[in-house]
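Each remark here refers to the structure printed beneath this line.
The values are calculated or read from the model by the stated rules, or taken from the named source; none is laboratory data. Fair warning: this is a prediction, and the values are worked out from it, not measured in the lab. So basically every Cβ, Gly included, is an ideal-geometry build from the backbone, and we count neighbours across all protein chains shown. The accessibility values were calculated without ligands, DNA or RNA, using every heavy atom of the protein model including side chains. Shrake-Rupley method; radii C 1.70, N 1.55, O 1.52, S 1.80 Å.
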Amino acid sequence: MAMAVTRVAVLTSGGDAPGMNAAVRAVVRSTIARGGEAFGVEHGYEGLLEAAIRPLNLGDVGGVLDRGGTFLGTSRSERYRSPEGVAEAARILKEQDIEALVVIGGDGSYRGADELAAHGIATVGVPGTIDNDINGTDTSIGFDTALNTICDAVGKVRDTASSHERTFVIEVMGRDSGILALYSGLATGADCILVPEVPWGLDDVCAAVAQGVARGKKHSIIMVAEGAAHAFGLAEDLAEACAHRVRTVVLGHIQRGGAPSGFDRILASRMGAEACSALAKGESGVAVGLRHADTVTYPLKEAYASAHVLRREIYELAKVLSL
Ligand code: F6P
């Protein structure tokens with residue numbers, strides 16, 4: 001289908017996520033394949049306000065499919081958050097005859113895209129965040145890679161934990177969401193998973209550790225979402241309460257780096273292409289999602305008005321399987 005809009009810009013915004021480059025590549029190549037022209041905005045909304053916009057051709061997105069980070073650069077822009085900032089961004093895009101903007105990022109970036117749509121720029125959001133906290137999509141670009149990075153790191157921690165018969169508190173990212181921690185805990189067989197969505201107490205953590213020790217386990221792994229507790233404080237409390245040898249690992253930004261997994265490369269490619277297909281249909285103010293293996297679009301508002309709900313049955317499953 002030919003495009004309803006022909007000059008399409010793309011930016012990456014918020015925390016970077018592995019697979020963002022693959023999504024930019026898909027937007028650029030799908031736009032050109034439909035007879036349009038593609039543009040890249042550097043450093044997210046901050047770069048947009050500086051008019052840091054350049055044409056992107058087929059070759060400009062060669063060799064990026066398997067690269068982590070975002071070659072366009074990203075930012076969290078304070079300036080863009082004001083109504084004046086949004087109006088200025090719309091003016092800059094219109095001045096360059098750019099009719100549409102694809103925003104690859106998280107819920108804050110989506111809000112910005114929705115505000116821009118109200119100024120007559122066609123906008124589409126593509127979910128790029130390791131947090132997987134965006135409502136309306138089964139998953140987001142970068143989540144799978146971050147999960148694999150965490151699995152790899154926890155495997156290494158487990159080796160030393162069992163050699164020394166220690167308990168490790170491992171803190172993972174996720175902002176206010178416990179989804180990354182939950183999936184990481186389930187995938188690594190953690191003895192206890194602490195997420196902001198489920199109330200917990202120190203007694204629960206001690207009981208989980210004691211349960212493992214009672215059946216002869218040589219190590220315990222407590223997986224903590226950054227939004228549920230601070231790992232160092234928790235480790236101190238735990239050592240005092242259970243008189244156990246406790247060590248702490250905060251995985252930090254390594255979770256955001258590295259080459260995207262095959263899954264994320266495919267997800268990003270499909271979602272970037274879906275964004276262009278939405279623009280071709282004349283859609284604006286929509287987010288791309290993955291639902292039951294299909295790419296879909298739905299209102300941006302739906303995506304940022306409420307958070308992606310942590311599936312309680314998966315939390316319960318992780319508890320049962322860690323017995
Ligand atoms: O949203 C992605 C994320 O990595 C969160 O998990 C984390 O809380 C935050 O970004 C960290 O942000 P920064 O890179 O600014 O420290």
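Quick notes on this structure:
- Principal-axis tilt of helix 83-95 within the chain, Cα atoms, nearest 10 degrees: 50 degrees
- Cα-based helix-to-principal-axis angle, 179-188 vs the chain, degrees rounded to 10: 50 degrees
- Sulfur and carbon atoms: percent of accessible area, the chain [1.4 Å]: 52 percent
- Potential lengthening of the chain between Asp138 and Leu202 amounts to 19.9 nm, from the contour at 0.36 nm per residue minus the alpha-carbon distance.
- Here's the list of lysines a cross-link from Lys217 could span, going by alpha-carbon distance under 27 Å and ignoring same-chain residues fewer than 8 apart: Lys156, Lys319.
- For segment 53-174, alpha-carbon Rg relative to the globular expectation (2.2 N^0.38 Å, N residues): 1.43
- Computed accessible area, Arg312, all protein chains, 1.4 angstrom probe, square angstrom: 120 Å²
- For segment 1-91, the list of GluC sites (Glu not before Pro) that fall in a loop by DSSP and count at most 10 other C-beta atoms within 10 angstrom reads Glu78.
- Taking only the alpha carbons of the chain, we obtain Rg and Dmax values of 21.4, 69 Å in that order.
- Restriction of the GluC sites (Glu not before Pro) in segment 222-277 to DSSP coil positions whose beta-carbon has at most 15 other beta-carbons within 10 angstrom yields no sites.
- Rolling a 1.4 Å probe over the protein heavy atoms gives the chain an accessible area of 41 Å² per residue.
- Proximity of backbone amide H atoms, modeled 1.01 Å from N, is registered between Thr74 and His43 at under 5 Å, excluding neighbours fewer than 5 places apart on the same chain.
- Rounded to the nearest Hz, the phi-derived 3J(HN,Hα) couplings of segment 157-171 under the Karplus curve 6.51 cos²θ - 1.76 cosθ + 1.60 (θ = phi - 60°) are 4, 4, 4, 6, 4, 6, 4, 9, 6, 10, 9, 10, 9, 10, 9, where x marks glycine and proline.
- Principal-axis analysis of the Cα atoms of the chain puts helix 202-214 at an angle of about 60° to the longest axis.
- Packing-based ranking, highest mean first, of 95-104, 52-61 given that Cβ atoms within 10 Å are counted: 95-104, 52-61
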